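Colleague: Below: one structure in structure tokens.
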Amino acid sequence: MGAVCREVISIQLGQYANCVGAHWWNLQAQGCRRSEAELCSNVQFRAGITQNGVETYMPRLIILDIKDGGLVRTQGAGYKEEEEAAQATPAWRGKVTTHREDQCSAGPATQEGGASKGGGSREKGLAGGGANLDIREEPHQPITQDGEWSDYLCTQLHPKSLCMLSHGSGGNVGSLESFSQGESFLRGVSHQEEVEDRLRFFSEECDYLQGFHILCDTHSGFSGAGSKMAELIHDEYPGRGILSFGTSPVLSEHRDPHTSTYQLMNCVMSLVALTSHSSAFCPLTLNSSLGRRPGDPTVFPHLIYNAGWRYHSSAVLAAALDTLTAPYRLPSSTLTMSHLLDTLSFSGRKVLAASCSLPFPIGSSSFLPDALLPHMTSPPWRSLSACADGAPLFSQSVVLRGVPRRQQISSLPAGTRPPSSLHACASGEEVLQCYLSAVCPRTLSVSHLLGTPCMLGPTFPQFFSRYITKDGVTEEEPLTDSTVVGGVPVMAALHSSSALQLSLRSLCDEVTKMDIKRSANFSTAGIEEEELKEAIDELRSLARCYQMYEGEDSDD
């Protein structure tokens with residue numbers, strides 16, 4: 001009897017969260033197409049059949065956005081109610097390829113779902129066999145800096161995924177500026193009922209729902225909507241894991257004071273609220289600070305990317321996200337989301353930090369011990385949570401993917417003395433665990449090693465240096481000709497890091513030093529002064545959880 005497939009429902013709130021999500025679902029779809037895929041796609045994808053009898057394979061996803069003209073162009077018209085389908089105009093006029101994927105044997109057949117609201121569409125599970133995954137071969141239009149995330153979302157979405165809500169004041173996305181506006185927005189009866197209906201739709205068809213992913217912009221008013229969403233899920237689905245990611249683009253240091261003050265308060269309020277209602281919360285950004293002065297963006301040795309271009313920065317975060325969520329998406333794993341997060345977030349440390357090495361540096365003819373040996377003093381990853389690298393860690397989950405089995409252990413001639421303890425290991429898993437024990441002593445480390453790389457697909461930006469081959473391996477000399485990189489090895493991690501103490505305290509200090517009452521936008525933000533003070537106190541309490549020693553760094 002195969003292992004049970006434990007489903008996860010994902011929720012995305014905000015423009016940048018949807019940028020990250022678009023790349024993430026594209027990466028997962030590319031992985032589904034590989035016959036040797038190591039991750040169970042049924043964890044986050046769902047099989048179904050449209051009313052026209054067409055088999056589908058779509059994300060188990062809810063997207064919250066405001067009606068603003070920028071609609072997603074990849075809706076599956078076959079699921080629409082009859083009167084809507086009759087008037088529907090095909091949103092995608094380019095070529096579509098259909099790829100057949102065998103269902104993961106570990107995943108149970110999807111149960112038959114009920115009719116959608118209005119009784120138009122109905123789905124049923126696929127008992128055995130595969131599901132069709134429709135992927136656009138190219139973007140809808142050339143991707144530009146000002147392009148929408150829907151321009152490069154290549155996977156088909158179920159109509160229930162799109163929750164396009166109307167703003168009460170008739171404004172657009174830009175008018176949803178503050179945490180309180182977003183919170184009130186989702187608190188509305190009609191909006192909350194709409195969200196609950198979609199949650200029920202996706203959850204009731206799950207056999208073993210293990211938890212939820214929440215991707216939420218923390219710099220905009222969607223921070224409040226995401227916090228209410230986490231609270232709703234926490235209350236309605238007790239015992240399920242909730243892993244929330246606070247997404248934020250690379251912010252300009254030259255923002256006007258009005259905008260930067262809003263963004264700072266949104267970040268503080270959402271960080272506290274999302275941490276409170278989630279199993280764990282992780283900031284996800286290429287900024288080097290969570291405050292009003294974001295600093296220089298994170299630099300990766302072999303990426304030549306435009307940090308201010310959301311299409312680029314969100315792709316980096318998506319590759320990390322797809323890798324660090326792998327432990328509870330493996331078909332053979334008994335580790336659930338809740339178990340993993342309980343392991344990482346003990347002693348009240350529910351804020352986690354993410355790190356990534358993209359691409360992980362390994363040559364085509366080198367072995368994993370050789371690739372790790374130059375990084376014995378400090379790991380090759382870079383922070384994606386505005387934290388200092390190299391700080392002591394309490395616990396971590398590390399995933400390394402893209403190292404083929406033939407390269408996982410050293411191939412030394414008989415009688416040769418191993419140059420390091422890594423070269424003496426008998427398996428790739430042992431090599432990785434031995435490395436983590438050496439570079440992160442006294443840290444509880446959970447590690448996973450996958451042989452297949454992160455497959456990129458046609459809409460992933462080609463921002464790699466000339467040292468990276470089409471297979472994603474790193475050469476010592478630059479390539480003479482440009483090449484399209486199809487997949488890359490990635491090392492990503494979730495940490496409970498002592499560096500979070502400084503990051504959280506810096507946020508507290510920055511908000512405290514602001515003269516809130518004299519701020520021109522405080523009265524319109526809808527945040528009560530006592531509410532903000534309470535959030536600051538809770539943030540300080542969180543920061544204390546990351547002290548290395550009792551009594552260290554007491555508050556002034």
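Colleague: Just checking: which of the helices (runs of 4 or more DSSP H) contained wholly in region 291-403 hold 2 or more residues that are modelled with pLDDT under 95, hydrophobic (A, V, I, L, M, F, W, C) and open to solvent by 30 Å² or more (accessible area, probe 1.4 Å)?
Modeller: Ranges flagged: none.
Colleague: Do we have Ala273 as in a helix (DSSP H, G or I), within 22 Å of Ser397 (Cα to Cα) and among the hydrophobic types (A, V, I, L, M, F, W, C) here?
Modeller: no
Colleague: Oh, and also: Quick one: Gly246 ticks every box in (1) open to solvent by 10 Å² or more (accessible area, probe 1.4 Å); (2) closer than 20 Å to Ala543 by Cα; (3) modelled with pLDDT of 90 or more; (4) in contact with a helix residue (DSSP H, G or I) (Cβ under 7 Å, 6 or more places away or on another chain) except a single one, so which number is it?
Modeller: Gly246 satisfies every listed condition except (1).
Colleague: If you don't mind, another one. Go through region 8-45 and give me each residue that's buried (at least 24 other Cβ atoms within 10 Å of the Cβ), part of a strand (DSSP E or B) and not aliphatic (A, V, I, L, M).
Modeller: Result: Gln12, Phe45.
Colleague: Looking at region 213-228, can you tell me whether even one residue there is open to solvent by 10 Å² or more (accessible area, probe 1.4 Å), at pLDDT 90 or above and out of contact with any helix residue (DSSP H, G or I) (no Cβ under 7 Å at 6 or more places or on another chain)?
Modeller: no
Colleague: For region 471-487, give me each residue that is under 30 Å from Ser150 (Cβ atoms), exposed (fewer than 13 other Cβ atoms within 10 Å of the Cβ) and either under 21 Å from the mean Cα position of the chain (by Cα) or not β-branched (Val, Ile, Thr) (or both).
Modeller: Ser482
Colleague: Also: Which is under 23 Å from Ala388 (Cβ atoms) and among the aliphatic types (A, V, I, L, M), of Leu335, Leu303, Leu330, Leu368?
Modeller: Result: Leu303 is the single residue among Leu335, Leu303, Leu330, Leu368 that is under 23 Å from Ala388 (Cβ atoms) and among the aliphatic types (A, V, I, L, M).
Colleague: Where residues in region 165-202 are of a type in the set (A, V, I, L, M) and modelled with pLDDT under 75, which of them is least open to solvent (accessible area, probe 1.4 Å)?
Modeller: Filtering region 165-202 for residues that are of a type in the set (A, V, I, L, M) and modelled with pLDDT under 75, the one least open to solvent (accessible area, probe 1.4 Å) comes out as Leu165.
Colleague: Now, a different point. Here is a list of conditions, (1) within 19 Å of the chain's Cα centre (by Cα); (2) more than 14 Å from Pro489 (Cα to Cα), and Ala326 meets all of them except one; can you say which number that is?
Modeller: (2)
The values are calculated or read from the model by the stated rules, or taken from the named source; none is laboratory data. For clarity, every value in this text was computed on a predicted model and none was experimentally measured. Note that each Cβ is placed from the backbone with ideal geometry, even for glycine, and that neighbours are counted across all protein chains shown. Remember, those area values only see protein heavy atoms, side chains included, never the ligands or the DNA or RNA. Shrake-Rupley method; radii C 1.70, N 1.55, O 1.52, S 1.80 Å.
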